[in-house]
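The values are calculated or read from the model by the stated rules, or taken from the named source; none is laboratory data. Note that this is a predicted model, so its numbers are computed, not measured. Please note: Cβ atoms are built from the backbone with ideal geometry, for glycine as well, and neighbour counts cover all protein chains shown.
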Amino acid sequence: MNIYKALEIVYLKKKEETMKKFSIAIHGGAGTLVKGMMTPEKEKAYKQALKEALNAGYAILENGGTAMDAIEAAVMSLEDCHLFNAGRGSVFTSAGTHEMDASIMDGQTRKAGAVSLITGIKNPVRLARDIMEKSEHVFMAGTGAMEFAKMNGHEVLSSDYFYDEFRHNQWLEIKDSESFQLDHAAKKDSKFGTVGAVACDQYGNIAAATSTGGMTNKKYGRVGDSPMIGAGNYANNATCAVSCTGSGEYFIRGVVAYDVACLIEHKQYSLHEATEEVIQKRVLELGGDGGLIAVNSSGDVSFSFNTEGMYRGFKSSDGNESVMIYND
């Protein structure tokens, strides 16, 4: 064996040692997802959309990309799909418009960006990242956020792009009432939809992103947990990255995403133990329902939800991958 071959072997061995298991997990909402209540065609469409989002994020991780880039790509894929209540598939407000929220957080630096009450932005998660990287702030909302978006080259699309017949009919059923509707708590055959992604890259860095269109027929500028750092989204390399979906008011009151991280940091819970404690006990005690996805810097993935189902999937460098809908 010559010296160059020996050096190459040493280099490859050191490279393998520095590369850790990498993984990505996504969700598309939790709720009354009961097997047999969805047509085979719809189920196939949802699973295909989840697979496309997973593959978009995983390809970045596989090529040595960052967790931040991976979750942004995965969430953008879900935002571009009309099946989910985020981006293109966002539900209608009481005024017949769309108001979107999103957040993103880097577990390595604990920098974060969040946006709320925006209209016409194709990919709210990308705007959230621009807030994190191109401003001195964490959270922007409403007209100010829209001004920032335009300054940073985000195209404002017409309402036609966000129109979906199912979403429109969903709104028409309650538009003249005082009711509002959590998308995940609708009829058995309804579509559900806050979306999110968490990932661990080859270097052990983790990140989380969440995006939503909120509640059907919502009023008064209501904001849920999705854009709130610590409530619907959180990431810290020392503990975990979390993206939540569910009844936002309860997730805000329970500071759910950060609560998972706190159990790991202060009580030495495992990732699975922490997610189960928060979703199967603490959220239920508050009266809320929903679920979350989480990952740690070892590349371990955990799902937990207290509803009949949750659109979800994961893919890991150890060869494990799955796309699931029901509680089975």
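Structural remarks
- Identity of the residue in the range 57-109, part of a loop (DSSP other than H, G, I, E, B), modelled with pLDDT of 95 or more and not charged (D, E, K, R), that ends up nearest to the chain's Cα centre (by Cα): Gly107
- Candidates Lys267, Lys315 - the one that is in contact with an Asp or Glu (Cβ under 6 Å, 6 or more places away or on another chain) and either closer than 29 Å to Met38 by Cβ or free of Cβ contacts under 8 Å to residues at least 40 places away in the same chain (or both): Lys315
- Tallying residues that are under 15 Å from Ser247 (Cα atoms) and touching a Leu at 6+ places or on another chain (Cβ under 8 Å) within the range 271-292 yields 2.
- For the range 279-328, taking the residues that are among the β-branched types (Val, Ile, Thr) and assigned to a helix (DSSP H, G or I), the one that is nearest to Val255 (Cα to Cα) is identified as Val283.
- The range 103-137, subset of a type in the set (D, E, K, R) and more than 19 Å from Ile206 (Cα to Cα), residue surrounded by the fewest Cβ atoms within 10 Å (Cβ to Cβ): Glu136
- Residue check: Ile206 meets all listed conditions (1) in contact with a Ser or Thr (Cβ under 9 Å, 6 or more places away or on another chain); (2) modelled with pLDDT of 95 or more; (3) surrounded by fewer than 24 Cβ atoms within 10 Å (Cβ to Cβ) but one, namely (3).
- The residues on offer are Gly288, Gly299, Gly246, and the sole one that is of a type in the set (Gly, Ala, Ser), touching a Ser or Thr at 6+ places or on another chain (Cβ under 6 Å) and either over 20 Å from Tyr203 (Cα atoms) or modelled with pLDDT under 95 (or both) is Gly288.
- For the criterion of being assigned to a strand (DSSP E or B) and of a type outside the set (A, V, I, L, M, F, W, C), Ser226 fails.
- Ser302 vs. criteria surrounded by fewer than 22 Cβ atoms within 10 Å (Cβ to Cβ) and among the polar types (S, T, N, Q): no
- A single entry from Tyr258, Tyr203, Tyr220 fulfils the requirement of being without any contact (Cβ under 8 Å) to a residue 24 or more places away in the chain, hydroxyl-bearing (Ser, Thr, Tyr) and not in a strand (DSSP E or B): Tyr220.
- Any hit, the range 67-84, residues being small (Gly, Ala, Ser) and under 21 Å from Ser158 (Cβ atoms): no
- Among the residues of the range 9-43, those that are acidic (Asp, Glu) and at pLDDT below 85 comprise Glu16, Glu17.
- Screening Val91 on (1) under 22 Å from Ala208 (Cβ atoms); (2) crowded, with 24+ Cβ neighbours inside 10 Å shows it passes everything except condition (1).
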